[in-house]
Structure formats: C-alpha cells, structure tokens
Amino acid sequence: MIRKALLLSTLIWSLGTVARAADEPAAPDFNRDVAPILQTYCAACHSADAPEAELVLESHKGLVAGGASGAAIVPGKADESRLIGVLTGKLEPAMPPEDNEKPSDKEIAVLVAWINAGAKASTGPAPDPVPLKVPKIEPTVPVHEAVTSVAFAPDGKTLAVARFDTIELLAMPERTLLVKLGPHRGRINSVRFSADGKRLVAAGGQPGVVGEVRVWNVENAKPAATIEGHNDSLYAAVISPDGKLLATSSYDQQIKLWDLAGKELRTLAGHNDAVFDLAFRPNGKVLASASGDRTVKLWDVAGGERLDTFGQPTKEQYCVAFSPDGKRVAAGGVDNRIRVWNISPDAKENTNPLVYARFAHEAAVVNLVFSADGKTLVSAGEDRTVKVWEAETMTEKRLLAQSDWAPALALTPDGKTIAVGRLDGSLEFYEAESGQVIPTPPPPKPELASLSRQGVQSGAKTRLTLAGKHLAEATEIKASHDKLAARIIERPSGKQLKIEVEPAADLPRGRYELWVTSAGGESTRHRLFVDELPQVQEAEPNDALADAEATPPAAQVWGTLAKRGDVDHFAFDARAGQQLVFDVSAASLGSKANVVVTLFDARGRVLADNNDFGGSSDPLLAYRIPADGRYVVQLSDLMLEGSKEHTYRLSYGVLPVPTGVYPLSVPAGEAAEVEVTGFNLPQDLKVNVPAGDSGELTVPIDAAKYRVREPLKVVVGTLPEKLEVEPNDTPEAATAIDLPATVGGRLQPADESTDALGDNDYFRFESKAGQTWIVETDAARRGSPVDTVVEVLHEDGSPVERVLLQAVRDSTVTFRGIDSVTRDCRLTNWEEMQLNQLLYINGEVVKLFRSPRGPDSGFLFYEGDGGKRLLYYDTSATVHAVDEPCYIVEPHEPGSQLISTGLPIFPVYYTNDDDAQRRIGSDSRLTFTAPADGSYLVRVRDARGYGGDRFAYRLTVRPPTPDFNVALRGGDNVAAGSGTEFVLTVTRIDGFDGEVHVDVTNVPEGFRVSSPIVVQAGHREAKGVIFAEPDAKQPADEAIAKVEVRAKAQVGSAEIVKPVSGFDKLKLTGKPKLLVRLEPAELVVAPGSTITAKLIVERNGHDDLVKFEVENMPHGVIVDNIGLSGVLMPKGENEREIFITADKWVPEATRQCYARALQAGGQCSAPVVIHVRQPSPLAEAGD
C-alpha cells in the first residue's frame, strides 16, 4: 500500500513538472534566434576576417572564446556577461558604436534568455546566412531591370543577359528568349560560359552576408551546382579553360578556387580591397585579378602563390582580361586608363613589363573584352561610351555613345558583333567593324506545339503550360469562345508559357481552341476540351490493380499508354443500381491507341469489357452496378502497344449518353418523330426532326442535357417510307410492302424461352416474272451494330433457287489458307484451269483473273472495291482453311437436268450477308429476279442472332438503275523521252457489266497517250501511258486545260458518255535515270500462239537490276517468260527478249500496251499497238 502511494505521488509530481515545463517558453536557439541579432548589429566589426578586439561574433565558437577584453558571456549569468553590459550601455565602450542602429529591448531580452539558459550551441545544422532586411517599396513607375553582365556562348548562338537576380538566355541572332534562369541570391554581377558552352556560371550574393555562384547546365536550363562562400557578394566567377576549376572573387578581398561540385580547394589572399574581376590565362595555369587596392595580380593556379603584382594603376581596378594568345593582360579602372602588360611564359615577377597605358575614357573603365582573334579590344566606361581599339597598338578605332553606363559587354566568337547592356535596362548590338547599330530583327511568329492538359472543367480556373517556340514575346492568349477566358501568368522561357484558363460555368461542353498572339503574329490553334466533369490527369504508377489511382465517382480522365504493355487503373466508389457509362475517346482524337476498357470489382473479378462501339475503335461500356463498393476501371491497348502518342480520354459516371435513333430514315418533305436510344435516358425519349428534301439530317438532341459521342443522323428517304409491324417474325405474319419502298426495322433480342436464334423480320411483296429488284440494307453504315443477312424466299418461307453450279473440276486450297479479303489463292490442279472460270469455295463464288506465275504463286481472283476479291451471285466472302475443297463450276438454270460428272452440284439461293462487290461493308445487298408471278418474302436477320434497341436497319427494295462512273489517277509527272502510267477505275452500278471505252483528246504538242483505252466487260480497271517526246516542252496551263477525257458505254439500249477528270496537273520533268523502249512498234498475235518482242533500256544513272511489267494487253495475253517479280533485266544488261502468248479463248482485239519499269520512278515506254487476230486461211494453209 505504501509502495502504491509512493508511485502515485511520484506520478503526480512528474505530471506537475511536465505541466510547468510545458507552460515555460522554450530557450532561444543560437542559430535561429541569436545569430541573426549578432549578424545584424555586430558582425560588421567582429567578423572572422578582421575581428576588432579579437572578438568574433559570427559563430557560437567565437562568442564563447571571447576577445582581448576577456569573456564576452558567462553561461547562465546574463547580468555578469560583458556582451549584455556593452549592449545596454552599463559597460564601456557602449556597443554598437554611435550612429549605428542598436538592438531593440526585445532583441536584447532574447540574448539574455539565451545566456541564462546556458548559452548552448544549436544541435542542428547551421542556418542559411541571414538575409538582409530590406524594406519593401512599391515602384511608382515602370521598372527597367539593369543589365549587369552579358556573355556569348562559344558557338555564338546564345547570349546570356543578367538582370538583377535573373539570367535571360537569348537565341541569336533572333534575340528571342529561350529561357529565364533564376532567381539568384542577390544581384548578379557576372555571367560567364565554360569553354565548351555546356555550363554557365553566375556570380552574385548578398552584400555583407554571403557570396553565391550558381552553375547552370545550359542544355536543360537546370542548376548543376549552387556554391556559397565568401563573406560578401561576389563580383566575378569564371571557369578554367579545361572546365575543372572555378575561380571566384568578392568584396571580402578574397579569391577562392573550387571544383565544379562546390568543394573549396584554396584561398588566394593578398589583395587589400574588393576583388572586382578575374581572368584565366588560356592555358589555365595563371589567374589574373583586378582589385580596389589599385593593383592587378597574377596567381599560380596550381600552387596558389602570387606570381606578380602590377602596381602602376593609381586608382581602383574594375576589370582585367587576358588576350586569346595569353601573352598580354589588359586592365582598367577608376583612373580612366587601360593598361596592357606583356606576360612572360612563367609570368613571374619582374618578367611582365607594362607596354601601354592609354587614357581611354572620361570616367572609370568598367569592362574590357578581347575579340577571339586578339586583334580587337572593346572597352566600356562610366562616361557612357563604348570604344573599339586596335589591340596590337591600342589605337582607338571608333567610339559608340551610350544612353547610360554600360557595365555589360560581349563580343561574338567571330568578332563581328558587339553586345552592350546598360543600367537603364537596354540592350544594343553593334557591327564591330563599322560601329553601326544592328537593327532589331522583326519579331518571330509564335509557335504553339502542345498544351500540358487537353481538358478543363467549366466554371473552374485551371493553370496550363504551353510549349512551343518564341512564346516569351507573347502578348495575349486568345480563345475561340468569348466565355473561355485565358490570361498569361508567367513567361519562364521562349519555349514555355504559363497561363490560366477559366471557362464560364454555362459554356457548352465541347472542343474549343486556344492560340498565342505576339507582335510577330498568331500561332497555330490548339484544341482544348471543356466539360462539366472534374478533370483528372493520369499519374503513374497505376499499372496494377493494387496501384489504381483514386478518382471521383464521376470524372474525365486524360492519360497516356506511354510504353508497350502499359496498363492504367482508376479506382472509384459506386452505388448499387447505378448504370455507369465509360466513354473512351482515342482514335477520334487522333491517338494511336486502340483502347480496351475493362471493369473490375474490388476483388479483381472482371465484370465487363469493351473494345469498340458503333463502327468506331473507341470503346463505350455501360454496366449496372450490382452492389455498393469500390470498383476499378482498366485501360489498355488491344495490341499492348504504347508511346507518347497513345493518349486517351475516359469520361465515366452516371452519364446520359444517346447511342442511336429509330427509325434510321424519315420521309422526304415531312417533319418526323424519332425515338432516341442509349443509356441513362428518360423512358421513351423522342425528338422531332424537321423536314428535309434529301441527304442526311442531324437529329436535334439537347447537348446540354445529353452527352452525344457524335451527331446522330437520319437519312431522308427518296422512296416511300414504312415501318415494320411486329410481330413479323414468321412468314405468315410478314409485314406487307408495296414496291419500291424503304422499310425501317429493328431486331429484338433473342427470346430465351425459345430455341430461336435471334429475331427474324419478314416482309411480303408482289412481283411479276422477270422483274429484277435490288434488295439492300443500310445499318452498319449508319452506326447500327446489326450485321444483317437478307434472303428472298417463296411465300411459304422456302428459299428461291438462283442458279445451279455444277462442278467440272475439283481442287483444294493449298500452301496456306486465305482470309475474307485476299485475291491471291494457291490451288491444286491449277494447270487444268483457265481464266474467267468460276470457282466455288464452300458457299463463295469467285472468278479466276490471272494465272499463277510459276509454282510459287497463286491464282488472282477478280477484284472488287478496296482491293478485296469480287464475289459472284451475291455470295459472301468467308475464311478458307488449307486443304478446304473447292471446285471449278459451270452455271445452269434452276431446275436443269444435269448429266452427272461425279462431282457435286451446288444450288445457290438469293441470300447475302456482306455485299459481294465489297462496297458497303457488312451491310447486305443482292439482286433478285422473280422466276414467276407471285408473292415473295424478304427475311432480315442478324448473322450472329443478336438484337436490341440499337439493332436498327433500313431495308430498301427497288428496281435497278444500271450505270457507271470512271475515275483517273496518276499521269501527272512525265519525264522527257519517257512515259508515266495512269489508271482508269470503273465503278459499276446495279449490275452494269459491259465494256467502257475511254478516249483522251486534245493532248498538248509533244505528248501522246495510249488512247482509246478499253476497260473490258466485267473488269474494274485498265491502264494507260502518257508519253513525252525527247524534245517536248512544258505545256501552258491553257493547253493542259483543253485535254479532254471521256468515257462511254452501252447501258441497256442507250449509249452513255461521261467526262472524266484528269491530267490537270501535267508537268514535264527532266531526263530520268532510265529510258525504256518496247519493240517493235506494232505486234500481232493469234489466239493460242506466241510471238517475241524486245525490251531495251538506256541507263543514265540507274545501273542496278530492273524489273518490268507489260501493261494493258488484252485479258488472256501475257508475257510468258515472266517470274513472280516481273520481267528481269540484270545489272549490266540493256536488252531482253520477251515472249508474248495469247490464250486460245482470247477474242480478236486491239490495244495499246507499254512496258513499265518497277524501279527508277516507274518509267514507261511509248505505247505499242498489239492486235489479237485469228490467222487467215491462207496463212494456215501456208503453214
């Protein structure tokens, strides 16, 4: 019990002691509280360099040590301490001296408290030297920062300009700001570049406190080192020629040598006043100094010894310079003279005679600069003049009057330009030879390259950094909307501009533009997106789920998949029942990223993902949240690619996003109402569309309420418009339509209670036997996700047979499979096949266009749009595997009685998935000819069985209107004595399959064209050549404008003629490196026979292998001795015989063919006429 009482008493006493200690103020700290007082009132007379009465008050050690009068303090006893006695006037002599500011009673109380507390030293590091107490006085007039020093970089392309505490780096000769360096401590008195131009040193500091050298990395404008030393500000800092040493000088009379990392190596003592300037001898072994003690001294850099003292000056010396050859030193100062000494190799005392002492200025000489060749010396004086001297004889060449003192002086490395900086803040440039002022170049046009952020929130201020060139001279930031305010905050460099933008709260969401203006003009405009969502800039690392960046429940995130394999994660909180939308923009903003968006729950389970939407590679993902909690969204590239150009914008939250409309078309000339579908929209949202006559109409959706990814549009129909009537998913319930017509439909999701694979929409129409109809869907082209399949059926729903294909030769796909695009396929038994035969491959029908060029190549099929293979009988392209069976087939009428060949017979029905001509993507199109009078059905379904609100389509059934269009490309640049190829491409419309003849007339003098050109029946293109004679001249624009290209064809019973654009940019070029000839000028070949011709080249600089093609021969006529890469002309050869063979089935024809080199710019021969002619009976008899 007694023990417990004692413990309790001890605890109470301890708590009371602690409470009393907490109430007592902490003892003053020497570094924090005492040293600043001593520095302010005492250090001027009691510094370590020259302590009066041997008392040092700069440090705790010196204060405790005392001085000549004994101890300055008695720890614990302030009333017995001499320091307190002299400060309070109780002891003599009273301090500080008379007429000096004295410490306040409060400051003396701090000293007393510190001594009474034991006068302890600080335990932490010594503080930064005490800053000067300078009253803040606001200027009443514009301030012009004085130019205190200038220096050219060794390459002359950059000028450093010191203005008080900041250095400006200017691009020369443009004089535009590159970057600002600083602020520095105190005023900068000197700037110098290193010999290699990679570093820049600035000398400055605070007078009476400390000197500072800042070493800058010029390339990245970042400080490489900050060195503090000396007891006063620095007047000079210079790097040795080898870049290893730094020499500094100060008002404190000292010179110090440092390494570039800031380690002090030695102090050079000997001057009795401020050291104003330093200069290294070019070999780096000798240092010259100019001082207020009226001397110039030479120092041995390696050992630190003084080598010589020049005592001839009669007043303070401000500047010193070594000649580039190191043989002379020039100095100047308050005695208005420039003195020049010859310096011996070892620079020792009594070996360095004075050679010149020129009265140079009417006032003090403040700067001296030698030209790089040593022939010129430039001086600046307080008499407001700059003078140019012939250095060898110190003869004055010219005088340049100044508006103010010019302490800053520099010469370009080539010695042609003098830069002068003045105390009034002006900077002038002179031609060194003539003394003429070099006019200021016209201001450059600002260039804007990028913005630090692409998105800002409406109603909020956002700071941006603009990157580009010539931005320091910017005067204003302009915006494309008056509610987007922007202002300049800072101009840190010519490459950067800091601005603040503030979009008004009611500024509509969308894309706007910012640009920079200056006296030089306006920059290009850069986009800036404004959105009401909070803006988030992605911050790495966020590659793992565990490192997901925390973001608000709804936000807009801007990020970059910066490297291959980069994945970004963002975590947010969501509530049960919310339908969150994740809308990604990448490709639509010009990004290379093909983004995949994936949603995870807190346990890392995948909930949903998406890669594309509505025909765009930019994903849109909607997901209804099952439970309250944290979720993570991940963004990655589909192929795991990454770079700085793989950027994205993610907008997410409970966002109202329209994604589609129904129906997809409206009647012409009538206002209509359409249904809007999407996510987080009001139920049964409908919008009125105004009347239109043709084309497309944008559905007017309120952009302030709804986030539309891209404008939703409807087609203005040119035929009667009708909507499907559900239910119409059986033949019996088919919606009746009168032809021609367009029907709007929508495929519903599959009924899970049945086995049906998705919705089927049926439409009934009447037709007479022999009537032909185009049946076409428009869905994917309108952004609908439906992949339609259309079929024409009998009234009972059975398929209508279109053609019977009887196999006459079997084959298989060999070597490798083919995708749904390629035209090249290797087939077994290919030697037994002929051009223009039909090939059946598992439901797909193609036609053989070109035979293999040897065993290592395949057949080429006829070409549809976009270089894809053309399909026949409206079959659809699919993928085919190696060894898949295929057959050469012959077409027969449905119901034909065929003699068996032992090979299959394939019925083909009126069905199409993807357009056979490859023109309308995944939409469907077929041509139906009614076999008999009666009712027929069109069935529309999705190829995958999908359906939903967005799965809308337009079905059009109309009569065909056969037609064609022709486009010409190429043939612009023609070399003299050579030809250039051009290509004619025919677009065939609604079943037109006939020949198209193209005539080129009114060709300029000196040119000829292979005209007429025939695009053969069923073919998509033909080629021609425009040839310039060796003496041809560039035709005048008027002559070119007279060239006419016309295409004509027999369409039904009418001959249609159409103009074709081309040759409007015809230009004659010089002689090419290769000239090509095909001989003889006329060729005749009979079907089933072979003739010879000769290829001849003239080499004018192209001596390598040449490959050739012979173009525009009738189909079925080929060069027989051709390889996979064409006809080869080996290096060193100039002639090659070729064999031209016509297949037996080739009809009589005449064409103009030519040879084209596949190298040397595709040079072509002149056109050569080739005839396919049946041999005459007499010729056959003679044979």
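Set the Förster distance to 25 Å, then compute FRET efficiency between LYS90 and ALA65 from the Cβ-Cβ distance, nearest 0.05. Mind dumping the intermediate values first?
Working: r = 22 Å, r/R0 = 0.90.
FRET efficiency, LYS90 to ALA65: 0.65.
In nm, to one decimal, how far is the modelled label at ASP993 from the one at ALA449, with both set 7 Å along Cα→Cβ?
That separation, rounded to one decimal, is 5.9 nm.
Along Cα→Cβ, 7 Å out, is where each label goes; now give me the distance between the ones at HIS794 and GLU890 in nm to one decimal.
According to this spin-label approximation, the distance is 2.8 nm.
Residues of the stretch 626-670 with backbone nitrogen within less than 19 Å of a virtual label 7 Å along the Cα-to-Cβ line of ALA467, please, listed as ranges.
So the set is 642-649.
If you count, for each residue, the other Cβ atoms within 10 Å and average over each peptide, how do 178-184, 378-384, 347-353 line up from highest to lowest? It would help to have the intermediate numbers written out before the result.
Details: 178-184: 19.9, 378-384: 23.1, 347-353: 13.9.
Listed from highest to lowest mean packing, they are 378-384, 178-184, 347-353.
Please give the length that would be gained between ALA48 and GLU1005 if that part of the chain were fully extended, namely 0.36 nm times their separation in residues minus their C-alpha to C-alpha distance (nm, one decimal). Before the final figure, lay out the partial values.
On the way: separation 957, 0.36 × 957 = 344.52 nm, distance 9.77 nm.
Full extension from ALA48 to GLU1005 adds 334.7 nm.
Multiply the residue separation of GLU726 and SER588 by 0.36 nm, subtract the distance between their alpha-carbon atoms, and state the gained length in nm to one decimal.
46.0 nm
Just tell me which lysines come within less than 20 Å, Cα to Cα, of LYS1071; anything on the same chain fewer than 8 places away is out.
LYS1033, LYS1107
What number, rounded to the nearest 500 deg cm²/dmol, is the helix-based mean residue ellipticity at 222 nm of the chain, given -39500 (n - 2.57) per DSSP H run of at least four residues and division by all its residues? Before the final figure, lay out the partial values.
Numbers: 7 runs with 65 residues, N = 1183.
That comes out to -1500 deg cm²/dmol.
Provide the FRET efficiency to the nearest 0.05 for the ASN829-SER935 pair, computing r from the beta carbons and using R0 = 60 Å.
The calculated FRET efficiency here is 0.85.
The list (i) 11, 41, 37, 11, 0; (ii) 11, 38, 37, 12, 1, 0; (iii) 9, 22, 25, 21, 15, 8, 1, 0 gives values of P(r) over Cα pairs in 20 Å bins from 0, in percent, and only one came from this structure; which label was calculated from it?
Given (i) 11, 41, 37, 11, 0; (ii) 11, 38, 37, 12, 1, 0; (iii) 9, 22, 25, 21, 15, 8, 1, 0, the calculated one carries the label (iii).
For a quick check: with amide H placed at 1.01 Å from N, whose amide H comes under 5 Å from GLN1163's, ignoring anything fewer than 5 positions away on the same chain?
ALA1157
Between the stretch 662-716 and the stretch 620-648, what is the separation of their alpha carbon centroids in Å?
Using only Cα atoms, the two centres lie 30 Å from each other.
Between helix 105-116 and the chain, what is the angle of the helix's C-alpha long axis to the longest principal axis, kept within 0 to 90° and rounded to the nearest 10?
80
Considering only DSSP beta bridges whose two residues both sit in the stretch 963-1069, what percent are antiparallel, to the nearest 5? Write out the running numbers ahead of the final one.
Numbers: 32 of 36 bridges.
Antiparallel bridges make up about 90 percent of those DSSP assigns within the stretch 963-1069.
If one computes the Cα centroid of the stretch 283-314 and of the stretch 943-1018, what distance in Å separates the two points?
One Cα centre to the other: 88 Å.
Mind jotting down the distance between the C-alpha centroids of the stretch 80-107 and the stretch 227-249, whole Å?
If you average the Cα positions of each part, the centres end up 37 Å apart.
In the stretch 414-486, what GluC sites (Glu not before Pro) fall in a loop by DSSP, with at most 14 other Cβ atoms inside 10 Å?
Values: sites: GLU428, GLU431, GLU433, GLU447, GLU473, GLU476; in loops: GLU433, GLU473.
Loop-located and lightly packed - GLU433.
Determine, for each peptide in 899-911, 317-329, the mean count of other beta carbons within 10 angstrom over its residues, then list the peptides with the highest first. Could you put the intermediate results ahead of the total?
Working: 899-911: 14.3, 317-329: 21.7.
Ranking, from highest mean packing down: 317-329, 899-911.
Given R₀ = 51 Å, what would the calculated FRET efficiency be for ILE1096 paired with GLU433, taking r from the Cβ atoms and rounding to 0.05?
Values: r = 63 Å, r/R0 = 1.23.
Result of the calculation: an efficiency of 0.20.
From the backbone phi of the stretch 1143-1156, what are the Karplus-calculated ³J(HN,Hα) couplings (6.51 cos²θ - 1.76 cosθ + 1.60, θ = phi - 60°) in whole Hz, Gly and Pro given as x?
5, 5, 7, 5, x, 5, 6, 10, 9, 10, 9, 7, 9, 10
Have a look at GLY669, HIS794, PRO700 and report the one farthest towards the positive end of the charge dipole of the chain, computed about the Cα centre with Cβ charges (Lys/Arg +1, Asp/Glu -1).
Going by the charge dipole, the pick is PRO700.
Could you point to the residue in THR440, GLN253, SER616 farthest towards the positive end of the chain's charge dipole, with +1 and -1 charges on the Cβ of Lys/Arg and Asp/Glu respectively?
It is GLN253, whose Cα lies furthest towards the positive end.
Pop a pseudo-label 7 angstrom from the Cα along the beta-carbon direction at both LYS348 and LYS1071 and give the gap in nm to one decimal.
Result: 7.6 nm between the two label points.
Among DSSP bridges having both ends in the chain, what percentage is antiparallel? Round to the nearest 5. Each step should come with its number before you reach the end.
Values: 308 of 333 bridges.
Once the DSSP bridges in the chain are tallied, antiparallel ones form about 90 percent.
Out of THR309, GLN39, ALA1049, whose Cα points farthest toward the positive end of the dipole of the chain (charges: +1 Lys, Arg; -1 Asp, Glu; placed on Cβ)?
Toward the positive end, the furthest listed residue is THR309.
Could you give the length gained by full extension between ASN688 and THR878, i.e. 0.36 nm per residue of separation minus their alpha carbon distance, to one decimal place?
Values: separation 190, 0.36 × 190 = 68.40 nm, distance 4.13 nm.
Additional length available on full extension: 64.3 nm.
None of the figures in this text is laboratory data; all of them are computed from the coordinates on show. Source: prediction; values computed, not measured. No Cβ is skipped: glycine too gets one built from the backbone with ideal geometry, and neighbour counts run over all protein chains shown.
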